[in-house]
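Notes to accompany the following structure.
Coordinate-derived values only; no laboratory data. Since we're looking at a predicted model, the values are computed, not measured. Note: ideal-geometry Cβ built from the backbone for every residue, glycine included; neighbour counts use all protein chains shown.
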Amino acid sequence: MAVQELKSYSYQNIFSLQTVQFEKACVVNSPQRINQYKIFWIKEGKGTYNIDFKSYSFEDGVLFFLSPGQVFSVASENIKEAYQLSFIRDFYCIQTHDAEVSCNGVLFNNVYETPFVTPSTKDIKKLDFLLQNLIEEFELEETAQYDMLQSLLKQFIVYSVRIKKEHDVVKEDVETKLFKDFSLLVEQNFKKLHSVTDYANRLGLSPKSLTKHFQKIGTQTPSDFIKNRIVTEAKRHLLYTDKAIKFVAFDLGFNDPAYFSRFFTKATGESPKQFQKKTRNT
């Protein structure tokens, strides 16, 4: 990113806010593995970002949300004003929240949908107000600052969820709820459970019935969903760890490294070794 001006506020290295202003176009090809929860508000600008090896383009102001472990890089951007909130799990996620505003809610840990949320003019005014309150609280360093910062962060997240539900129409029908339940199960178990039957049984359905529900909402098959999640995690390991391929296979629940290599090659068109070599040389 071509940074022109950057102001940073931090609380004990567990919660921070950065305000960034930049005028020049910029390309950053080197992927970064996210190690904290992050909220980016691109207030004015356009660009193309790569998140977990998928490309997303945007124009004008957007919010997007990243979770630890995700892979992020900038393909191109031309941005005038942006903000970044970063926090560790212990600062916010261990608190008891409504399911929609938790770290497994509508915004975070969502590797399956477009990550952008687009605020309206009215929304922008509210977000601006919350950001200014955060900046003031960072600067005050008064009693119970931890609690105030946590409260303001929660307000920002709650309001972001409301924006998403208002503008993106978060569906609540049977199929959509089932999809959410299935995706959460996959997120929790994909390293050890690889078959549709495993998940269908936990949801009280037959594999055939689960597949039919997916067909109704026009999404990928349950089998492809599981496969794509495993492949995404495999790519993360291959790019950001020094583990031998066989140990990546073991970490992802494959007893036979050769089978893992065939699985990865069929899904991506290149072997794990080819992918690792190509990405590390770019």
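Residues I34, I157, I163, arranged from fewest to most other Cβ atoms within 10 angstrom of their Cβ, appear as I34, I163, I157.
In order along the range 178-184, the phi-based Karplus estimate (6.51 cos²θ - 1.76 cosθ + 1.60, θ = phi - 60°) of 3J(HN,Hα) comes to 4, 4, 5, 4, 5, 5, 5 Hz; Gly and Pro are listed as x.
Order by neighbour count: V74, V158, V248, fewest other Cβ atoms within 10 Å first, most last.
So the residues, fewest neighbours to most, are V158, V74, V248.
The ranking of Y37, Y11 from fewest to most other beta carbons within 10 Å of each one's beta carbon is Y11, Y37.
Pairs with C-alpha atoms separated by more than 32 Å, drawn from the list K208/K273; K227/K278; K165/K273, are K208/K273; K165/K273.
Which shape class applies to the range 174-280: rounded if a/c is under 1.5, otherwise prolate when a/b exceeds b/c and oblate if not, where a ≥ b ≥ c are the square roots of the Cα gyration tensor eigenvalues? Provide the component values of the computation, followed by the final result.
Details: a/c = 2.45, a/b = 2.10, b/c = 1.17.
The shape class here is prolate.
Taking the charge dipole of the range 174-280 about its Cα centre, with +1 at Lys and Arg Cβ atoms and -1 at Asp and Glu Cβ atoms, the residue from V186, L210, I230 reaching farthest to the positive side is I230. Summary of the geometry: the range 30-76 and the range 202-232, compared by the centres of their Cα atoms, lie 27 Å apart.
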